[in-house]
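J.: Below: one structure in structure tokens.
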Amino acid sequence: MEESRYTAAKGMKADSEDEPLPRYTLKEMNALLDEAEANFAAGKGIPHEEVMREMDEEFKRW
């Protein structure tokens with residue numbers, strides 16, 4: 001399966017001036033949204049409640 005551009009860009013640092021984040025066309029952004037919606041429909045998403053619980057636990061450790 002082909003790796004999406006999002007997956008390839010995930011490892012990039014958002015604050016890096018040497019490696020700016022890629023710019024996407026409207027067609028590419030729509031493709032990323034379609035991919036995300038398909039993953040969500042397939043049950044590959046993480047429920048909001050679980051994300052918030054994990055964030056709360058992480059903040060407590062700080």
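A short reminder: the numbers here are calculations on the coordinates, not readings from a lab. This is a predicted model, so every value here is computed, not measured. Here the Cβ is made from the backbone with ideal geometry for all residues, glycine too, and neighbour counts use every protein chain on show.
J.: Roughly how many nanometres apart are two label points built 7 Å out from the Cα toward the Cβ at Val51 and Tyr24?
T.: A separation of 1.4 nm, rounded to one decimal place.
J.: Let me ask you something else. Gain in length, Phe59 to Ala36, computed as 0.36 nm per residue apart minus the alpha-carbon separation, to one decimal in nm?
T.: That works out to 5.6 nm of additional length.
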